[in-house]
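One structure is given here, and the rest of the page talks about it.
The values are calculated or read from the model by the stated rules, or taken from the named source; none is laboratory data. Since we're looking at a predicted model, the values are computed, not measured. Backbone-built Cβ (ideal geometry, glycine too); neighbour counts: all protein chains shown. The protein model used for the area step is the full one, side chains on, heavy atoms only, and it has no ligands, DNA or RNA in it. Shrake-Rupley method; radii C 1.70, N 1.55, O 1.52, S 1.80 Å.
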Amino acid sequence: MTTVTLVPGDGIGPEISESVTRIIDSLGVKIDWDVQTAGADVAEKEGTPLPQRVIDSIKKNKVALKAPVTTPIGKGFRSVNVALRKELDLYANVRPCKNIEGIKTPFDGVNLVVVRENTEDLYAGVERKVSDDCAESIKTITRGASTRIAKYAFEYALNNSRKTVWAVSKANICKLSDGLFLECCREVAKEYPQIEYKEILVDNLCMQLVQNPQKFDVLVLPNLYGDIVSDLTAGLIGGLGVAQGANIGKECAVFEPVHGSAPDIKGQNKANPTALLLCAVNMLKHIGETEKAQILESAVLKVIADGKVLTADLGGSATTDEYTNAIIDCIKLLS
Ligand code: NAI
């Protein structure tokens, strides 16, 4: 029995978490879920959206499955996600992005991975109000964090039979900060002669991603560009409902979807749990349950490819429960 921290989150988080735990139960994997609430509701009750017990639980279990939590815009508490990544030093945010059969999108053959630096850049949230009419944010890029994420990207490429790592920046404008990021990527690239190394400016990347996304492979980016580009790439394969992600550190791994808490569809039995399910596939691989992970992935991909039971975001009319049941039925057939 493996203990895994489960953060059900806010908005649609609890609904998709319930779907995923039901599906994992049906796989017959013995997981002891250490359920830890966090987010906006918890902030009201416990005075903080990220109580220490959540961090302690992940530090103890070393692995977590996390649904999205709400972050107030322009006011209120700091993002739970940012705090968690910082606290656990989850320095690599890895977001694979591959076409899924059955989901019609403008492009076929998309198969890229966004590797986003997760601990610094404008995400450090160091801001100040200079006057009523002026505010400043500090963008910090360090040699240590840039080298570490570049190494992660090249190791990922090596271990996953990828050919090219693209370093993404705006070094023509942010000459010192993004310039340092590029300098570190270039240094690391020298250690991996078997992997091709290329550079591209983030604006050009965005244009090319919506014209010819097939040409890209592993992308390594500072935090903010990584955040924005990974939503774009999620759109290339069918939207946020199917976009998975993982936050990896030296000690712990937190698997979480790209999407947010989707308050607009909360409690309506409409949410698509696929992104969290694909995160669970990776989580199962991470804890050594490779065979069960493959069954789960096959079941998800088969139900989507069949196209009969799809949630509204994928053009269907199935509820979260109906979709969950279809996957459980498919797992029974595949097991
Ligand atoms: P969002 O991702 O929650 O929603 C954007 C759109 O996509 C909405 O129309 C929503 O209904 C739809 N959508 C998202 N996930 C879906 C799913 N699984 N099934 C079906 N439709 C889905 O982004 P938004 O509205 O910008 O953010 C809402 C809240 O989530 C904010 O407080 C934000 O800070 C937070 N957030 C949390 C994240 C996390 O915990 N990792 C990541 C991104 C945002």
Study note, to complete from the structure: Expressed as a percent, the accessible surface of segment 76-226 that is carbon or sulfur, using a 1.4 Å probe and the full set of protein chains, is 51
Check your understanding: What Kirkwood hydrodynamic radius, in Å, does the chain give when the mean of 1/r is taken over all pairs of distinct Cα atoms and then inverted?
Key -> 20.5
Check your understanding: Taking the chain as a Gaussian network, where each spring joins two C-alpha atoms under 10 Å apart, which residue of Ala157, Ala293, Ala43 fluctuates the most?
Key -> Ala43
**Study point:** Per residue value of the accessible surface for segment 106-236 (all protein chains in place, 1.4 Å probe), Å²
**Key:** 48
Point to revise | Given charges at beta-carbon only (K, R positive; D, E negative), |dipole| of the chain in Debye | key: 620
Point to revise | Per residue, the convex hull volume that the Cα atoms of segment 30-161 enclose (Å³) | key: 204
Point to revise | Over the chain: helical MRE at 222 nm, DSSP H runs n ≥ 4 each giving -39500 (n - 2.57), nearest 500 | key: -13000 deg cm²/dmol
Practice item. Calculate the length of the line joining the C-alpha centroid of segment 154-186 to that of segment 23-50, in whole Å. Key: 35
Study note, to complete from the structure: HN-Hα couplings for segment 210-215 via Karplus (6.51, -1.76, 1.60; θ = phi - 60°), in whole Hz with x for Gly/Pro, come out as 9, 10, 8, x, 5, 6
Review point. What accessible surface, in Å², does a 1.4 Å probe find on Arg22, ignoring ligands, DNA and RNA and rounding to the nearest 10?
Key: 90
Check your understanding: Restricting the count to DSSP beta bridges whose residues both fall in segment 95-241, what percent are antiparallel, rounded to a multiple of 5?
Key -> 40
Revision key, fill the gap. Correct semi-axes for segment 115-270, from √(5λ) of the alpha-carbon gyration tensor and rounded to whole Å with the largest first, are 25, 23, 16
Check your understanding: So what's the net charge close to Glu18: Lys and Arg +1, Asp and Glu -1, counting the other residues with Cβ under 12 Å from its Cβ?
Key -> -2
Review point. Once a ≥ b ≥ c are taken as the square roots of the eigenvalues of the Cα gyration tensor of segment 134-223, is the result rounded (a/c under 1.5), prolate (a/b larger than b/c) or oblate (a/b not larger than b/c)?
Key: oblate
Exercise for review: In debye, nearest 20, what is the charge dipole magnitude of segment 261-310 about its Cα centre with +1 on Lys and Arg Cβ and -1 on Asp and Glu Cβ, if you could check?
Suggested key: 140
